[in-house]
1. Starting from the residue with the highest accessible area, list Val72, Val263 in decreasing order, probe 1.4 Å.
2. Under 5 Å between amide hydrogens, which residues at least 5 positions from Ile211 or on another chain qualify, with H placed 1.01 Å from N in the peptide plane?
3. How long is the gain from Thr70 to Arg169 if the chain were fully straight, where each residue apart is worth 0.36 nm and the alpha carbon distance is subtracted?
4. Calculate one ³J(HN,Hα) per residue across the stretch 152-161 by plugging θ = phi - 60° into the Karplus curve 6.51 cos²θ - 1.76 cosθ + 1.60, and present them in order as whole Hz with x for glycine and proline.
5. Kindly flag which residue pairs out of Lys310/Lys333; Lys274/Lys310; Lys274/Lys341 have an alpha-carbon separation exceeding 30 Å in this structure.
6. Considering amide H positions built from the backbone, and no H for Pro or chain starts, which residues 5 or more places from Thr226, or on another chain, come under 5 Å of its amide H?
7. For Ser287 paired with Val326, estimate the spin-label separation in nm (one decimal), with each label point 7 Å from Cα along the Cα-to-Cβ line.
8. Name the aspartates and glutamates eligible as straight-distance cross-link partners of Lys340: C-alpha to C-alpha under 14 Å, and not fewer than 8 places from it in the same chain.
Amino acid sequence: MHFLSQNDLNINLIPHLCLHCHSVIAGAFTIHGHMKIFNSPSNSSTFTGFILLGFPCPREGQILLFVLFTVVYLLTLMGNVSIICAVHWDQRLHAPMYILLANFSFLEICYVTSTVPSMLANFLSDTKIISFSGCFLQFYFFFSLGSTECFFLAVMAFDRYLAICRPLRYPTIMTRRLCTNLVVNCWVLGFIWFLIPIVNISQMSFCGSRIIDHFVCDPAPLLTLTCKKGPVIELVFSVLSPLPVFMLFLFIVGSYALVMRAVLRVPSAAGRRKALSTCGSHLAVVSLFYGSVLVMYGSPPSKNEAGKQKTVTLFYSVVTPLLNPVIYSLRNKDMKKALKKFWGT
């Protein structure tokens, strides 16, 4: 997807990077034909996938959920594509802040696409089966895109810190070249974070029921289905999964602490409001994403753990990509004008 011209910023390598990662991981997971899933320790049979329970309910409820999530998915695509096109076509938005926002919107499209299409197919399926390769590919892309989102939110916070705390040096620091490097690094770091652990777990054997009580291939239920427990792999996942979340969250909090200190030093109330308005949209998006993720990792286990995981995962993987374009269009005057121009209103 090419949403910025070569003269503005050459970031069209990112979709190709994603496709390259897809082919590499797909190649790594072709071993699923040799994987075995065991009904009992002594009786083995080759199987081709897992069963994703999703949201169990009667057939009518499944159809209703299919219609609901189809509408949500289409609205999410429309909102984020609108932001990408507005940034591409409006010369006033050819600035690092909006270039980062356009990349973030493209990321949101990828993120929601990693879960919703398979979820929609699951609603209409009688067997609810997902193949081994499909399960691990979804697992890899879902968590890699989530990690990439954490990196992007941190970079966007850094951009706002420079704009408010170092306004005179901002144009010389946040150059097109630095912006491009930051964008590429976000994608690369996000996609290599889970590469080795996911390849390792994809080569393990699985026992007992092949049922995953979730709408995505999540590591917790996957690891419980392995025949031989791998404490090292479990430790790696328990460390790698929350590490980028909490480290980058601390970076964002630190950046905005410095921003708030700089804002409070502005003598006029109008100046303070103007400074905060440039951060309002990003703060709202950070609050939505990290609020739900911190509930997932920070809250104590509950009796309905599977239900809680589904609800929280649904919020930060489906609901927030839908709300983010609305937040940025409502709280940013330049973006609002560009979107009105784009839609011809």
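The values are calculated or read from the model by the stated rules, or taken from the named source; none is laboratory data. For clarity, every value in this text was computed on a predicted model and none was experimentally measured. Positions of Cβ are generated from backbone atoms using ideal geometry, with glycine treated the same way; all protein chains shown enter the neighbour counts. These area figures cover heavy atoms from the full protein model, side chains too; ligands, DNA and RNA do not enter into them. Shrake-Rupley method; radii C 1.70, N 1.55, O 1.52, S 1.80 Å.
1. Val72, Val263
2. Those lying under 5 Å, H to H, from Ile211 are Ile51.
3. 31.1 nm
4. Coupling constants for the stretch 152-161: 5, 4, 5, 5, 5, 5, 4, 4, 5, 4 Hz.
5. Lys310/Lys333; Lys274/Lys310
6. Amide H neighbours of Thr226, under 5 Å, 5+ apart: Cys207.
7. 1.5
8. Within the straight-line cut-off, Lys340 pairs with Asp90.
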